[in-house]
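Contents: one structure, followed by commentary.
The values are calculated or read from the model by the stated rules, or taken from the named source; none is laboratory data. Predicted model only: the values in this text are computed from it and were never measured. Cβ placement follows ideal geometry from the backbone for every residue including glycine, while neighbour counts extend to all protein chains displayed.
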């Protein structure tokens, strides 16, 4: 994790933060308890880094067994960090104690911040926020880990658009240093400042993105992956040749098709659809081969088949 140096304490007390229009606003309140909705790969990673950074975490999912699986993954990942001497065993134990399961959204009532990390489908996220917001304190900040969907549009469907913000973590969350922060048109300055302070406490670096489809990272990354799939689709090279070319020729740590499998082909398709629909540019048209793989249920590592077959001892290209 990135080491963040603490600033000298201001003994004169908290100061008002400048607003967008130059006016002073109240200082951002500190977060103590964080709710995470979604215990999958991204959600359990977010819960992991929050707990390790000293926040009390409530982990929620639609089914109790998913929460149990998420907690088991967190425990295993923390143990791996101990074995690699990145954290102490005392830190591991303390982090685990800070995470509690939340079987219902009503249990998130005392949270200062809630981070939604459900599947990348707008209708699913809207339903979650509609059920969540009535259960929260009026001052609770609500955020989404969406990698592509409009923050302004999601915020408009809640009872607190001024306290709604995009906090997009990179995958895998415990290892990746960057977090994109995206303000909706109504997001106020207190929410923005509180979010920045929260991310700094996680030891992450911030990239502020404007609220346009796919923001910064995925606006650049996913079209590259989509083009790699077109390169496969058109027969320019096979899976192994394309990934080898980009690993050795462009010095990428992971080939684009291997990376697509890691991200999840359904997520890749969702982001490309958001880009294509939101920007109305044919260069963002999802490759038909990507659509075919998703329709087949070959979503990558999480289903054991994608551009590689992971069911054996070694991944084998499927084309």
Problem set entry | Qualifying strands (runs of 3 or more DSSP E) (wholly inside the stretch 140-212; at least 2 residues being buried (at least 22 other Cβ atoms within 10 Å of the Cβ) and assigned by TED's automatic domain parsing to the domain that holds residue 127) | 141-144, 164-169, 178-183
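Here's the yes/no breakdown for (1) assigned to a helix (DSSP H, G or I); (2) at pLDDT 95 or above; (3) more than 21 Å from residue 172 (Cα to Cα); (4) under 22 Å from the mean Cα position of the chain (by Cα):
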position	(1), (2), (3), (4)
70	yes, yes, no, yes
73	yes, yes, no, yes
82	yes, yes, no, no
106	yes, yes, yes, no
111	no, yes, yes, yes
115	no, yes, no, yes
Exercise. Being free of Cβ contacts under 8 Å to residues at least 40 places away in the same chain and within 13 Å of the chain's Cα centre (by Cα), is that true of even one residue in the stretch 153-163?
Worked result: no
Exercise. If you take just the helices (runs of 4 or more DSSP H) that sit entirely in the stretch 224-319, which of them hold at least 3 residues that are in contact (Cβ under 8 Å) with a residue 40 or more places away in the chain and under 19 Å from residue 41 (Cβ atoms)?
Worked result: 256-263, 265-279
Problem set entry | Odd one out for residue 215, checked against (1) in a loop (DSSP other than H, G, I, E, B); (2) touching a strand residue (DSSP E or B) at 6+ places or on another chain (Cβ under 8 Å); (3) under 21 Å from residue 304 (Cα atoms) | (3)
Problem set entry | Among residues of the stretch 59-73, those that are under 21 Å from residue 125 (Cβ atoms) and touching a helix residue (DSSP H, G or I) at 6+ places or on another chain (Cβ under 6 Å), counted | 3
For this session: Evaluate the following for residue 92: is it part of a helix (DSSP H, G or I), surrounded by fewer than 23 Cβ atoms within 10 Å (Cβ to Cβ) and over 20 Å from the mean Cα position of the chain (by Cα)?
Result: yes
Exercise. Counting only residues that are touching a strand residue (DSSP E or B) at 6+ places or on another chain (Cβ under 8 Å) and either modelled with pLDDT under 95 or outside any helix (DSSP H, G or I) (or both), how many does the stretch 45-63 have?
Worked result: 7
